[in-house]
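Visitor: Sharing a structure with you now.
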Amino acid sequence: MENRESNLNSNKLQVIIAYNKILAEEIQRRSRDQMFCVTASIAAIGALIPIALKFPNYSFIIVGVLPWILSAFGVIWLDHHFIIRMIGRYRREEEEKNIPKLLSSSSQEIKWLGWEVYLRKNLDEYFKSMNKLQKSILDYVVFFPMFYFIIPSLSSCFYLIYLCCYGNMLTIPFILIDLFCVFILLSYFRRAVKENYEKGD
């Protein structure tokens, strides 16, 4: 009976290990997609610059299209970030709770087990040793989408509003669409920040 239960626990543990590998591969895939979003957006914006230089009188159209590009890639980037954080939290809070049960041990007896446990311990010590400047730099890394996707999109909107105030009525449709894109982008950014700071990570 005990041998049968041990085999059952062993099989469950193998399932957890295999599933954990799948989740790790999913994180890697989404991280690669995030990098693609950045490089593709740079390539797209770079392709628009020669057009704007060649037709300066219509450069406002290029400026108006900029938030479309940044919002599209920004939403994808932020969605990947959100899912990656959720996967990490699931692995930490759910999977590692099951391992002690399957090994018939208490959490304290195998507290050495698990990369997440080791990582959290060392990160806590690292964050406590950081000065204000280092924490500010870390915040910039966390808020990368704000500086890369959102601020340039808002700048484009303000520039179009400026042109509209000086009589260029052709910018109005671009302003409306751009503001909608920025709103969607900000909603995804809010969700990602909430996942970062309100889940105890």
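Visitor: Quick check, is Asn20 touching a helix residue (DSSP H, G or I) at 6+ places or on another chain (Cβ under 8 Å), at pLDDT below 85 and over 18 Å from Ser153 (Cα atoms)?
Guide: yes
Visitor: May I pose another question? Check every one of the helices (runs of 4 or more DSSP H) wholly within the stretch 90-201 and list those with 1 or more residues that are at pLDDT 60 or above and in contact with a Gly (Cβ under 8 Å, 6 or more places away or on another chain).
Guide: By residue number, 96-102, 151-165, 171-197.
Visitor: In the stretch 39-58, what count of residues is obtained for those that are within 18 Å of His80 (Cα to Cα) and touching a helix residue (DSSP H, G or I) at 6+ places or on another chain (Cβ under 7 Å)? Steps first, answer last, please.
Guide: Applying the first criterion (within 18 Å of His80 (Cα to Cα)) to the stretch 39-58 yields 39-41.
Still in the running and touching a helix residue (DSSP H, G or I) at 6+ places or on another chain (Cβ under 7 Å): 40-41.
Total satisfying the criteria: 2.
The values are calculated or read from the model by the stated rules, or taken from the named source; none is laboratory data. Worth saying up front: this structure is predicted, and the values here are computed from it rather than measured. Note that each Cβ is placed from the backbone with ideal geometry, even for glycine, and that neighbours are counted across all protein chains shown.
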